[in-house]
Amino acid sequence: MRDEDRDRSAYEETTALVQELDELKQRGSNLLVVGSRMPAAHRAACQQFLGEASSEPRRRLFALADPSASIEDRIPRTNADSESLRVVRYAAESRSAAATQPSSQTDSIDETPIEHDDIGEFGRALSRAIAEFEAASGGLSPAELRLCFDSLTPLLSGYEPETVFRFLHLLTRRVRTVDGMGHYHLTTDRNTQTVALLEPLFDAVIELCLHDGTLHQRWYLRDRGLTTGWLQL
């Protein structure tokens with residue numbers, strides 16, 4: 001392929017992706033972000049989906065299932081206030097004691113620990129947090145809610161895949177009821193049975209990679225049947 005043809009193709013793919021994202025913002029969406037052994041790529045994608053560059057109102061909800069997870073590298077300290085940020089941490093008693101210790105950043109915000117090994121209560125706590133945002137704002141605008149599920153891996157390690165599927169089915173539906181945007185990190189390769197099982201729940205799967213020292217993303221958009229090339233993240 002000639003360079004000019006390659007540039008034209010990349011431009012068309014980027015344009016189609018931007019149009020699709022605009023539609024997803026209006027109707028609510030859930031995105032599955034996959035890629036193994038690339039924490040920097042997941043952090044960069046997270047910051048993008050949280051809408052940090054936007055001046056529009058944002059209500060950010062973090063679901064933390066990894067005991068060592070922190071939001072400090074995902075959102076600036078200046079945005080860590082009780083009105084626009086919530087953290088629900090799956091701090092089951094059987095897990096690491098570190099799970100119950102909030103980071104220095106989250107000392108000033110509302111962090112809800114789930115201290116029993118109950119995935120159902122985890123989901124209910126997230127739903128309550130969304131309802132609190134709704135009440136505080138008098139109704140959420142499209143894309144105002146941004147949910148980051150920092151890692152699905154611990155849940156998939158502790159529960160049967162079908163149980164996690166049901167949990168995510170309810171959560172993704174709840175996000176869509178308020179026209180929110182949720183993204184869910186899964187540190188595995190794109191072509192796995194786990195991704196194939198969960199993919200029907202999501203509007204798109206975003207695959208991450210590191211190429212020549214630069215982070216890239218490739219989108220699989222289910223409704224459009226569109227797969228982009230590798231785009232710089």
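The values are calculated or read from the model by the stated rules, or taken from the named source; none is laboratory data. Fair warning: this is a prediction, and the values are worked out from it, not measured in the lab. Here Cβ is always computed from backbone atoms with ideal geometry, including for glycine, and neighbour counts include all displayed protein chains.
Overview of results
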quantity	calculated
Any chance E160 is among the charged types (D, E, K, R) and surrounded by fewer than 14 Cβ atoms within 10 Å (Cβ to Cβ)	yes
Answer residue from region 75-114, given it is at pLDDT 80 or above and part of a loop (DSSP other than H, G, I, E, B) and is surrounded by the fewest Cβ atoms within 10 Å (Cβ to Cβ) among those	S84
Which listed residue is surrounded by fewer than 14 Cβ atoms within 10 Å (Cβ to Cβ) and within 24 Å of L17 (Cβ to Cβ), from T214, T188	T214
Pairs with Cβ under 8 Å, 6+ apart, first in region 130-154 and more than 16 Å from L24 (Cα to Cα), second surrounded by 19 or more Cβ atoms within 10 Å (Cβ to Cβ) and of a type in the set (S, T, Y)	F149/Y184; L152/Y184; P154/Y90
Residue within region 34-50 that is modelled with pLDDT of 80 or more, assigned to a strand (DSSP E or B) and out of contact with any Phe, Trp or Tyr (no Cβ under 8 Å at 6 or more places or on another chain) present	yes
